[in-house]
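Contents: one structure, followed by commentary.
The values are calculated or read from the model by the stated rules, or taken from the named source; none is laboratory data. Predicted, not measured: the structure shown is a model, and the values here were computed from it. Cβ sites come from the backbone with ideal geometry, for glycine too, and all protein chains shown count toward neighbours. Ligands, DNA and RNA are stripped out before the accessible areas are found, and what is left, the full protein with its side chains, is counted by its heavy atoms. Shrake-Rupley method; radii C 1.70, N 1.55, O 1.52, S 1.80 Å.
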Amino acid sequence: DVVVARVSEIRPIEGADRIRHVTVDAGGNAVEVVCGAWNFEVGDLVPLAPVGTVLPNGMEIARRKMRGAVSNGMLCSPSELHLAEDSAGLMLLSRDLVPGTPLPEALGLEPDVVYELDITPNRPDAMSVAGVARDVAAALRVPFSIPEVDLAESGPPAETLATVVVEDPDLCPLFLTRVITDLQIGESPKWMARRLTLAGMRPINSVVDASNYVMLELGQPNHPYDLDRLPGGGLRVRAARPGEKVRTLDGVEREVGGQGARDCLICDAEDTPVGLAGIMGGESSEIGPDTRRVLLEVAYFTPMATARTSKRLGLRSEASARFERGCDPDVVERAAARMCALVGGGAVVAPGAVAAGTPPPRPRISLRTERVNRLLGVRLRPEAIGGYLEPIGFAVEPEGSPGALAVEVPGWRPDVTAEVDLVEEVGRHLGYSRIERTVPTTTQVGALTAFQRERRLVREVMVGAGLIEVWTPSLIGPGDHELAGLAGTDVELANPMSREESVLRRSMVPGLLRALRFNVGHRNRGLRFFEVGRVFAAPAGAGVPDERELLSVAVLEDGDAGSAVRLWRTLAGALRLADPGLEAAAPPGLHPTRTARARAAGVEVGTVGEVDPAVVAALDLEGRVGWMEIDLQALAGAPRRSTAVVPVTVYPTSDIDLAFVVPDAVPAATVEQTLREAAGPLLESVSLFDVYRDPAHVGEGRRSLAFRLRFGALDRTLTDPEVAGVRARCVAAVESTHGAALRG
């Protein structure tokens, strides 16, 4: 809606020294506006935004009254129209224009189509006009090419005007510069300014605009330096030293090279930093109105080096967004020539370039036709596969066996690293909608593994036992393991979101006890929690952490070792574990005398008992906390009872109780095993039902273990002499094996 208007009259406003009353001719009708700009006079042509116009920044022009004067529109500056950054005054138009002409028509801003693309991190080539055009041309099956640059060179060779040294090629494999002299900084051509504006960039000057234009066109960031402000007349590329500082173009001084970081710096020939490689240039060599000689940098920086520095410093730019994804090393020379050709303004381009390094070689990938057809569900011939890949830049040729292809990956596709990536490209350009739907030939579509089925059963058993499943974070604080009594090496995250979540858990004790504390604080009762999740142990050497999937149980109310033992027996029964048992142990973080290792037929599967009272108190809880931790992988490999039918006797059984005084060092489980072996085939069951300690009655360092034994036979009722004989064998075996004494 903005139109060309001629200034007809300028009048002061009484009591106002910063604004004036202006009458303009907008094409046959006079419009009165109030304006605060002072860079125009009667007869000038300026942009007028009438009432109702919505400017690019979203502001709607309305009729206003200021100091008694009515304003029926607004006269605009270049910045208000998003045509330039200049906001010092109105935009003065050519005097040969006709008032009332729409401004887009007057400036030659023909209507155009602008695509706003959401680019995923794996497609750096799509962050340029050329990259998008290449893909579109392939889809439309039309030819695609990037025009060659017709560059006129003259004067002394570039190598006599500037120097380049790359000290760290692992950070910067390729660095190229060109020299431009006799430069006159001015405005960019209208067509360039218009295209930059449509692409979301504000025109600045002829040099900066040409740099941005090449970046948008070819996807290759570049940076112009004022050569006369570069001490030594050259550039040096190296890793930052600890404590070095760089003042970037945004006026912020940043410290680099700290904590062993390998930040890549651009320095002048005297080794003073003048920019952050691939991210932002320095303030000291910025292009200004008086710049006459430019040293243009076009380079290929290692993507991960740029990404690490950008993230660590919290500094993002259009250049870093491209470099960290991976630019095309083969376009460096073309981009430098294109930039030199676009600068214009009578500039002289020195012959040749000053470069260091070479582009990395293009990778080659073997592609099997059979693999393409099997993954996509199609029947393509090798020639057809090449026909889909070649238009998007891949070089394809036969390789060895029939149907095998050797594919050379272009530099602008760093995301393609494996055969399956090539298959995806074939499917994308073939068109997924053109691939016929097929039904799998297998009779069973999807199934749980034995481990997955048992894990579900474990959850069902815990829920059936009255427990509530909870989830606690896998990331905990650096001191949480020590608080839980767990010494050892932590697995720390390199880039944690916060210090409170910077360590991978080695146990679920910290998380589950905090869950208990949270619920106690909210006056919840009957706290019986379980969690199925992973814990992580530090690797013995280099490599990834050792992961284990555990069932962890924490019971607060009535949460003694007995409750944990009952849960263990319930679980063992539901899973039909063979000979489940417990063996006294004192793992870190658990009660030293009320904890045991859980076993099934001699295979250790976890721990059962109580949390150490000191740990419970450290986490602000009161009472005993029953604890069970089962390694699900070990549980899956534990022996199971036979599923064969066992006859049940119809005759009466006989029970006897035996109490033995044994040293505290003798585990109850070993006494139970001795009783089972001595009792023989008549024994149906044995269980520990009482533990008694009293130095006055059983002695210091000793305790009484009371067992109930049940005997029976399938074919008869046992006689008293038979039971007495078995009883005598059991007593003798325990006394001789463990130094025990039978209590009366």
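Based on C-alpha pairs under 8 angstrom that are at least 6 apart in sequence, region 310-444 has a relative contact order of 25 percent.
Under 12 Å from the 7 Å Cα→Cβ point of Arg428, by amide nitrogen: which residues of region 286-311? No residue passes the distance filter.
The simple Förster model, with R0 at 30 Å and r as the Cβ-Cβ distance, assigns Arg63 and Glu9 a FRET efficiency of 0.95.
Given axes a ≥ b ≥ c from the Cα gyration tensor, I'd like to know whether region 1-90 is rounded (a/c under 1.5), prolate (a/b larger than b/c) or oblate.
rounded
The Cβ shell under 9 Å around Ala307 holds other residues with a net charge of +2, Lys and Arg each +1, Asp and Glu each -1.
Keeping all protein chains in place and using 1.4 angstrom, which order do Leu235, Leu216, Leu493 fall into by accessible surface area, from largest down? Walk me through the numbers before you get to the answer.
Working: Leu235 5, Leu216 35, Leu493 60 Å².
Descending order: Leu493, Leu216, Leu235.
For region 439-514 versus region 1-48, the spacing of their alpha-carbon centroids is 71 Å.
With the cut-off at 1.5 for a/c, could you classify region 631-744 from its C-alpha gyration tensor as rounded, prolate or oblate? The shape class here is oblate.
Ranking of Phe536, Phe689 by solvent-accessible surface, largest first: Phe689, Phe536 (1.4 Å probe, protein heavy atoms only, all chains present). Label reach from Arg141 (point 7 Å along Cα→C-beta): in region 386-410, amide nitrogens under 16 Å belong to 386-392. Please give the net charge around Val294, taking every other residue with its beta carbon less than 14 angstrom from that of Val294, where Lys and Arg add +1 and Asp and Glu add -1. So the surrounding residues net to -3.
Spin-label point model (7 Å from Cα, Cβ direction): what's the Ser498 to Glu722 distance in nm? Placing both labels 7 Å beyond Cα along the Cβ direction yields 7.0 nm.
When the surface is traced with a 1.4 Å probe over the full set of protein chains, Trp191 keeps roughly 110 Å² accessible.
Couplings 3J(HN,Hα) for region 5-21, derived from phi with the Karplus relation 6.51 cos²θ - 1.76 cosθ + 1.60 (θ = phi - 60°), are 9, 9, 6, 9, 8, 10, 10, x, 10, 4, x, 10, 10, 10, 10, 9, 8 Hz, where x marks Gly and Pro.
Reachable lysines from Lys311, Cα under 28 Å, same-chain residues fewer than 8 places away excluded? By straight Cα distance, Lys311 reaches Lys245.
Surface listing: Asp268, Asp620 arranged by accessible area from highest to lowest gives Asp620, Asp268, probe 1.4 Å. Couplings 3J(HN,Hα) of region 548-555, computed from phi: 9, 9, 10, 9, 10, 10, 10, 10 Hz, in residue order, whole Hz [Karplus 6.51 cos²θ - 1.76 cosθ + 1.60, θ = phi - 60°; x for Gly and Pro]. Using the alpha-carbon positions of the chain, Rg (one decimal) and Dmax (whole number) come out as 40.7, 133 Å. Modelled spin-label separation between Leu55 and Arg364, with each label point placed 7 Å from Cα along the Cα-to-Cβ direction: 6.0 nm.
Estimated at 0.36 nm per residue, the fully extended path between Glu41 and Ser474 surpasses their Cα-Cα distance by 148.8 nm.
Across the chain, Cα pairs under 8 Å and at least six residues apart give a relative contact order of 8 percent.
Only the Cβ atoms of Lys and Arg (+1) and of Asp and Glu (-1) were treated as charged; on that basis the dipole of the chain about its Cα centre amounts to roughly 2400 debye. Between rounded, prolate and oblate, where does region 632-672 land on the alpha carbon gyration tensor, with a ≥ b ≥ c its root eigenvalues, rounded for a/c under 1.5, else prolate if a/b exceeds b/c? Oblate is the answer for region 632-672, as a/c is 1.5 or above yet b/c matches or exceeds a/b. Of the complete DSSP H runs in the chain, those spanning 15 angstrom or more by Cα along the long axis with a mean Kyte-Doolittle score not below 1.0 are 129-140. Each Lys or Arg adds one and each Asp or Glu subtracts one; over the other residues with Cβ under 11 Å from the Cβ of Pro147, this totals -1.
By a 1.4 Å probe calculation restricted to protein chains, Lys190 has an accessible surface near 140 Å², given to the nearest 10.
In a simple Cβ point-charge model (Lys, Arg +1; Asp, Glu -1; nothing else charged), region 502-607 has a dipole of about 320 debye relative to its Cα centre.
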